[in-house]
There are 4 protein chains.
Amino acid sequence: MRKKEIRVALIGHKFMGVAHSNAFRNLSMWMNLPVKVSMKCVCGEDSEENLSIFAERFGWESWDPDWRRVVQRNDIDLVSIATPNFLHKEIAIEAARNGKLIICEKPLSNNLSEAREMLDAVERADIRHCCGYTYRFTPSLALARQLVAEGRIGRIYNVFVRYAQDWISDPNFAMVWRFDKKIAGSGPLGDLSAHSIDATRFVTGLHFKEVSGNLQTLIKERPLDSAKPSGSKGSVTVDDVAQFLVNFEEGATGCFESTRLATGRKNYNTIEVNGEKGSIFWNFEEQNSLLFYDNQRSPKESGFAKINVTHDMHPYNGGWWPQGHGIGYADSFVIEFGLFIKSILENAAFNPDFRDGMECQKVLEAIEKSSVTRTWINLSQI
Amino acid sequence: MRKKEIRVALIGHKFMGVAHSNAFRNLSMWMNLPVKVSMKCVCGEDSEENLSIFAERFGWESWDPDWRRVVQRNDIDLVSIATPNFLHKEIAIEAARNGKLIICEKPLSNNLSEAREMLDAVERADIRHCCGYTYRFTPSLALARQLVAEGRIGRIYNVFVRYAQDWISDPNFAMVWRFDKKIAGSGPLGDLSAHSIDATRFVTGLHFKEVSGNLQTLIKERPLDSAKPSGSKGSVTVDDVAQFLVNFEEGATGCFESTRLATGRKNYNTIEVNGEKGSIFWNFEEQNSLLFYDNQRSPKESGFAKINVTHDMHPYNGGWWPQGHGIGYADSFVIEFGLFIKSILENAAFNPDFRDGMECQKVLEAIEKSSVTRTWINLSQI
Amino acid sequence: MRKKEIRVALIGHKFMGVAHSNAFRNLSMWMNLPVKVSMKCVCGEDSEENLSIFAERFGWESWDPDWRRVVQRNDIDLVSIATPNFLHKEIAIEAARNGKLIICEKPLSNNLSEAREMLDAVERADIRHCCGYTYRFTPSLALARQLVAEGRIGRIYNVFVRYAQDWISDPNFAMVWRFDKKIAGSGPLGDLSAHSIDATRFVTGLHFKEVSGNLQTLIKERPLDSAKPSGSKGSVTVDDVAQFLVNFEEGATGCFESTRLATGRKNYNTIEVNGEKGSIFWNFEEQNSLLFYDNQRSPKESGFAKINVTHDMHPYNGGWWPQGHGIGYADSFVIEFGLFIKSILENAAFNPDFRDGMECQKVLEAIEKSSVTRTWINLSQI
Amino acid sequence: MRKKEIRVALIGHKFMGVAHSNAFRNLSMWMNLPVKVSMKCVCGEDSEENLSIFAERFGWESWDPDWRRVVQRNDIDLVSIATPNFLHKEIAIEAARNGKLIICEKPLSNNLSEAREMLDAVERADIRHCCGYTYRFTPSLALARQLVAEGRIGRIYNVFVRYAQDWISDPNFAMVWRFDKKIAGSGPLGDLSAHSIDATRFVTGLHFKEVSGNLQTLIKERPLDSAKPSGSKGSVTVDDVAQFLVNFEEGATGCFESTRLATGRKNYNTIEVNGEKGSIFWNFEEQNSLLFYDNQRSPKESGFAKINVTHDMHPYNGGWWPQGHGIGYADSFVIEFGLFIKSILENAAFNPDFRDGMECQKVLEAIEKSSVTRTWINLSQI
């Protein structure tokens, strides 16, 4: 008897397209699903030749530059969206209309109203959906959530969250489309803070009540050509630092920053949660570990314990290898996609979905608004 | 020929009184000053017996419960103020009136107008003054400043500053005077953020332009008696978490938090500075080291270097012992007092002085105001 | 025109069999080889059903319980040996006789004479061979080697090497075949110290001159059934701690330990190299970074820099993802196999090969001998 | 009523003389002893002028270049020996003969027979004695011992101990008396490994059974003048690296190295202890913390916890300041001297004493012997 099959089309073939391809290709090895996942077709805005090279390299059976055609194919069950953000909405709604399962990269969209339309579309179509907040599938971050859920942190007081990178700290790094608000939507706010907001929701379960935001563009002009730093310049219209303070419904406070100007920080995606009974500190640059302080032990023995999160007992079995043999960045996508497909087969709940994507967008919108009005914005006003 | 003598009176004999006593007692050993520092008298609100025990233990020649009498004594040259904050103003003004040299613990006062009066008084009296932002005298923090001053960090983009402790994270920790706004002035804002503000000024030289503050009291009631957690309660009227965002005059942003509820953080006084050419990260819990990322090296060899700041080449010679033999919390007071006295002898500039104390108070006041108005406050409005 | 094809057979389907399967499956994605790598057949001592499940899960076209048959097949170009050590020799020699390319897991064999036979066989057959010291393909360890090769460490003085795990620190962990010298050959000596010896050779280029070894079995008996700790026991006949001191030809010293009893150390595979001009410290538990101390900088700025080894400029491009997005344990196998195949296509040198495997075995043999004679053993006596 | 007085003479006024002076001067402040400690006299081989400057700076009432005269004075109760090692024996025996209490710096002497004579002398004289293994009085190391004593580590398997410095890693660092075996006795063996041996005895209580040693002089010649690296050279006759393997009576193994050539390691005095129930790792470069892995917790929450050893509940109250306010190198001397004096007043046991010093010397002698015979040496042969 043949295994049931889930036939996948991928839209997008850049960084995220590669990450998705890798995940689909590794699914059968690691997740041992009772279903065959077939990599049917990859779409992308590129030449047929380039697409065919991509398809062969990553194992896609076919390619097609026209995503509209593909999302209508009867032999496609799942559409995975890995395009630039501004295309998410159109593709997702079209895929929903055609009854496809959908995985959509984060942020769900470039603004809240789009996110709401997308959520509407998938709910009306009654299909299953996943919004790609992949860090949730890092075993160490999932352990943080588990400790909170088990009451090991107790009442939460403070959340201190920083996502820092440094790839544009050189002022002569050239003007690219990512610095143009019309195309990119925002800078680190949508790119990095979106992850921080989702991680906070995932780990703590806290609800954002109100925010005070500060979006700054510290490097206002960049050369059009990085090789000619004194040549023509373009105006940067997105933020390069995004900060915000938060009061949560539950009576906890938060302090957030994301920046692309933190020289030396490569992918310093971090979250600290301080509670009555304990604290956790997570840092993606050391993704195979989690710091946990247990306040219920004697002070004599208390300290932040660096847990090597690679044990069978840990979420997602601590990864795929024996204890002490850590996983890498790309592996969380395999767990994410595997669990999404498993939830479909078992008709079980799955998060993060488009609603999670929309909730995150709501906070982003409040921050943007606050940054303009220079006052606190209550989420209920959004 | 006798060495010139500086005769000291100390007001206050609790935590800070002990730290000051220790510093005066160790001065001659470490700082090799061309002057004899005599520990003449200690004052404190206590019984004669307790004061006499204190004096004998720490090496004070005499004691007196009445500070007013002491600051008028002709055989006193320097008055060191280590009392609760609300007494600083009166003592300092009286000491200035009597022409004494003054060391005053931080924060300079409980509010800005007091600080201005105090600065006025010492300037009018034309005496030398020191405001006790002692962390400036930690070799590692001073190295951070030096690197900035030498251009090793370049243009500063972000400042990320957290001072976290956990001593009241237990909600049954009893109501004490420190939680009463009338006596204590504020919570972590004045106690901890004051240090963060001064450290930022010291290390970066940036000027605070505007702030958005969030002062929260997360634990609003505490038992009067910690042994009877379900007994009578008192209202906490100071903050237990203080957060604020900052835009600096120079076009840099800052994100600050101080809290006494960060379970597991004992004296986590930290500052990160990210600039075009490099970054530094300082953490008092590891006070003998500084992290420095040098962006001018090849990316192949770049990483945060953990500098053991105990070399002769480091500020204050890296402390008092051979390389690798670190110093402790109390030792920075010796350096501070030694350098203050040296600046007097050499008639040279000394910081931090009352003006630094007042500048810090200005920022604190803006944060408090912003926390009430829930808008950004420009420092020029203060 | 069809790409040239390399057709692979894998012998072994446990931990290492899985790691090899994963690597072959991911090769085309990551290494972009000008050749097609086909996963033809997997062999293993198991039921046909289990083998077929394995083959489907990992992508092998066929399976066969009889490795002898497979290594003779004309449609196989490369044989990958991932069996228990005691089978390496027979399979490798048979594969060589049939002119196959060979990848053989480490340690090359259970003793030196076997290793010599194997080396002889592949050299006589004039085929290409790889001995699986995979840690060489971790970008961070390769960076360590590069720094040494570029003279950044200068004359080497000390090598301090520890490989510590804890999976049998519980004395009730049951007696398994790995604790039987007849089957397993040795304990951590062959399993862990073999890696340490190879890493030392790889990073430093030093030549082992003489060793003083200490092999100890601290837990001499273990229950046959871990669920019945007070039931029947078996005798452990391999070491559980292996230590040795080394003098190198070049006038440097080494101190080595490997253990499976280091409670809390999960896969603490480490090496420190101290030289005149600098030092490095590598720890596999944080495999995406390397510590480097550069002694040619001013002492004022010198410290161990934690380099995030994920930059394009780093060996193997720092892995396969943008900077800051680290790789995992299994990924080094992909690099290893890809570079081995590339070296074949380009007729270029490749290490580690069987000679490296044999050289390592020589040191292991000297340690075992020294542990028995309780004197220093010179490698020239082996 | 006058407090009883203990009148001290210090012999030696270099690095250790300064550390002793500081400790005596701070004793009353910190240890709150029921006795007055008077700093009567300092001796040293120096001009009267220099001695008088030293005495004034550190608070000694008088000075005397002739130690023989001083140890006979009736107004001296305690003699503190901080001279170069080769003088220890003569001074200690003379002091014992005169019935003085004795503190003697480590190592107790330059060889075992001297140590035995010294022990004999103090036992015959029936006086109290202290051998200055000061690291025992670091709260974090004492916590390690306490955890072992309380059974938190369980049966000990491995001890991994390294004391690494780098002050002579430059081959042009000049030839000084410390490199002359006749004067200095040994290199890092007596200077650093002595500390490691004592720390192992202190923390674990294990008994050294047999050792295999390796003493190497990697830099065999050094310029007489560091400013003229190509000028005349002298021969280094002491080790610059000392390594040894150990089997303990209790069935545990040890691996030790000390070196002055570990570029980047400033005072990297470390010890790791692995046991059935837990592990500890101590590193003096971060002296205010201890790493503890508790194997009796669930693997889900287990990791090395970094304990901030500054709590009242910790040994020696975690130091002298509120939690989170660490101590420095020199402070352990105050604790040591204070507890020694306290033990005298209370007629209680005190360690480390001359017997501890002698036991350490025994191990050192076995290592030296083993290094010559190039075989294992059993301590019973010493």
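The values are calculated or read from the model by the stated rules, or taken from the named source; none is laboratory data. If you're wondering where the values come from, they're calculated on a predicted model, not measured in any experiment. Positions of Cβ are backbone-derived with ideal geometry, glycine not excepted, and every protein chain shown enters the neighbour counts. Quick note on the areas: whole protein, heavy atoms, side chains included, nothing else; ligands and nucleic acids left out. Shrake-Rupley method; radii C 1.70, N 1.55, O 1.52, S 1.80 Å.
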**Prompt:** From the list C:ALA199, C:ALA115, C:ALA144, C:ALA149, which one is within 14 Å of another protein chain (Cβ to nearest Cβ), crowded, with 19+ Cβ neighbours inside 10 Å and modelled with pLDDT of 95 or more?
**Reply:** C:ALA144
**Asked** Of the conditions (1) in contact (Cβ under 8 Å) with a residue 40 or more places away in the chain; (2) more than 10 Å from chain B (Cβ to nearest Cβ); (3) open to solvent by 20 Å² or more (accessible area, probe 1.4 Å), D:ASN288 fails just one. Which one is it?
**Response** (2)
**Message:** Any residue at all in region A:255-263 that's crowded, with 22+ Cβ neighbours inside 10 Å and farther than 26 Å from B:ASN158 by Cα?
**Reply:** no
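Going by the structure shown, is A:ASN378 surrounded by fewer than 17 Cβ atoms within 10 Å (Cβ to Cβ), more than 7 Å from every other protein chain (Cβ to nearest Cβ) and either basic (Lys, Arg) or over 23 Å from A:ARG162 (Cα atoms) (or both)? Before you say what the answer is, go through the steps one by one.
Values: surrounded by fewer than 17 Cβ atoms within 10 Å (Cβ to Cβ): yes; more than 7 Å from every other protein chain (Cβ to nearest Cβ): yes; either basic (Lys, Arg) or over 23 Å from A:ARG162 (Cα atoms) (or both): no.
For A:ASN378, the condition - surrounded by fewer than 17 Cβ atoms within 10 Å (Cβ to Cβ), more than 7 Å from every other protein chain (Cβ to nearest Cβ) and either basic (Lys, Arg) or over 23 Å from A:ARG162 (Cα atoms) (or both) - is not met.
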**Message:** From the list C:ASN351, C:ASN347, exactly one residue is more than 14 Å from chain A (Cβ to nearest Cβ), part of a loop (DSSP other than H, G, I, E, B) and either touching a residue at least 12 places away in the same chain (Cβ under 8 Å) or not polar (S, T, N, Q) (or both). Which is it?
**Reply:** C:ASN351
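If we scan region B:254-264, do we find a residue that is under 23 Å from B:GLY151 (Cβ atoms) and at the interface with another protein chain (Cβ under 9 Å from one of its Cβ atoms)? Lay out the reasoning, then the answer.
Of the residues in region B:254-264, the ones under 23 Å from B:GLY151 (Cβ atoms) are B:254.
Next, from what is left, pick out any that are at the interface with another protein chain (Cβ under 9 Å from one of its Cβ atoms): B:254.
Yes - at least one qualifying residue is present in region B:254-264.
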**Request:** Inspect region B:77-95 for any residue being away from chain A (no Cβ under 14 Å), more than 21 Å from the chain's Cα centre (by Cα) and either on the phi > 0 side of the Ramachandran plot or not polar (S, T, N, Q) (or both) and give the result as yes or no.
**Result:** yes
**Message:** Take D:GLU5 and tell me if it is among the acidic types (Asp, Glu), more than 10 Å from chain B (Cβ to nearest Cβ) and over 23 Å from the mean Cα position of the chain (by Cα).
**Reply:** yes
**Asked** B:PRO84 fails exactly one of the following numbered conditions: (1) farther than 28 Å from D:ALA23 by Cα; (2) open to solvent by 50 Å² or more (accessible area, probe 1.4 Å); (3) at pLDDT 95 or above. What is the number of that condition?
**Response** (3)
**Complete:** When B:ASN269 is run through (1) outside any strand (DSSP E or B); (2) among the polar types (S, T, N, Q); (3) within 14 Å of chain D (Cβ to nearest Cβ), the failure sits at (1)
**Residues within region A:87-112 that are buried (at least 22 other Cβ atoms within 10 Å of the Cβ) and among the charged types (D, E, K, R), tallied** = 3
**Prompt:** Mind checking whether some residue in region D:152-162 is surrounded by fewer than 24 Cβ atoms within 10 Å (Cβ to Cβ), out of contact with any helix residue (DSSP H, G or I) (no Cβ under 8 Å at 6 or more places or on another chain), among the small types (Gly, Ala, Ser) and in the same structural domain as D:CYS41 (by TED's automatic domain parsing)?
**Reply:** no
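Here are some residues: A:SER52, A:SER21, A:SER28. Which one is in a helix (DSSP H, G or I) and crowded, with 22+ Cβ neighbours inside 10 Å? It would help to see each step written out before you state the result.
On the way: A:SER52 fails: crowded, with 22+ Cβ neighbours inside 10 Å; A:SER28 fails: crowded, with 22+ Cβ neighbours inside 10 Å.
After applying the criteria, what remains is A:SER21.
Is one or more of the residues making up region A:326-337 over 27 Å from A:GLY190 (Cβ atoms) and at the interface with another protein chain (Cβ under 9 Å from one of its Cβ atoms)?
Yes, region A:326-337 contains at least one residue that is over 27 Å from A:GLY190 (Cβ atoms) and at the interface with another protein chain (Cβ under 9 Å from one of its Cβ atoms).
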**Complete:** Filtering region A:55-76 down to residues that are open to solvent by less than 60 Å² (accessible area, probe 1.4 Å), acidic (Asp, Glu) and either within 14 Å of another protein chain (Cβ to nearest Cβ) or not in a loop (DSSP other than H, G, I, E, B) (or both) yields A:ASP64
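Could you list all residues from region A:341-355 that are buried (at least 24 other Cβ atoms within 10 Å of the Cβ) and touching a Phe, Trp or Tyr at 6+ places or on another chain (Cβ under 8 Å)? Spell out the reasoning first.
So the first thing to find is which residues in region A:341-355 are buried (at least 24 other Cβ atoms within 10 Å of the Cβ), and the list is A:341, A:352, A:354.
Of everything in region A:341-355, just one residue is buried (at least 24 other Cβ atoms within 10 Å of the Cβ) and touching a Phe, Trp or Tyr at 6+ places or on another chain (Cβ under 8 Å), namely A:PRO352.
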**Request:** Can you confirm whether region C:276-283 contains a residue that is basic (Lys, Arg) and open to solvent by less than 20 Å² (accessible area, probe 1.4 Å)?
**Result:** no
**Asked** Hey, any hits in region B:299-311 for a residue that's in a loop (DSSP other than H, G, I, E, B), within 13 Å of chain D (Cβ to nearest Cβ) and free of Cβ contacts under 8 Å to residues at least 24 places away in the same chain?
**Response** yes
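If a residue must be of a type in the set (A, V, I, L, M, F, W, C) and on the phi > 0 side of the Ramachandran plot, how many such residues does region B:10-43 contain? Outline the logic, then answer.
Kept after step one, since they are of a type in the set (A, V, I, L, M, F, W, C), are these residues of region B:10-43: B:10-11, B:15-16, B:18-19, B:23-24, B:27, B:29-31, B:33, B:35, B:37, B:39, B:41-43.
Next, only the ones that are on the phi > 0 side of the Ramachandran plot stay: none.
Residues in region B:10-43 being of a type in the set (A, V, I, L, M, F, W, C) and on the phi > 0 side of the Ramachandran plot: 0 in total.
Would you confirm, using the coordinates I've provided, whether A:LEU192 is part of a helix (DSSP H, G or I), at pLDDT 95 or above and touching a Phe, Trp or Tyr at 6+ places or on another chain (Cβ under 7 Å)?
Working: part of a helix (DSSP H, G or I): yes; at pLDDT 95 or above: yes; touching a Phe, Trp or Tyr at 6+ places or on another chain (Cβ under 7 Å): yes.
So A:LEU192 passes the test.
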**Fill in**
Only unsatisfied item for A:TRP320, checking (1) modelled with pLDDT under 95; (2) in a helix (DSSP H, G or I), is (2)
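Listed here are the residues, each with its yes/no results for (1) aliphatic (A, V, I, L, M); (2) more than 24 Å from the chain's Cα centre (by Cα).
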site: B:LEU215; (1), (2): yes, no
site: B:VAL238; (1), (2): yes, no
site: B:GLY251; (1), (2): no, yes
site: B:ARG260; (1), (2): no, no
site: B:TYR268; (1), (2): no, no
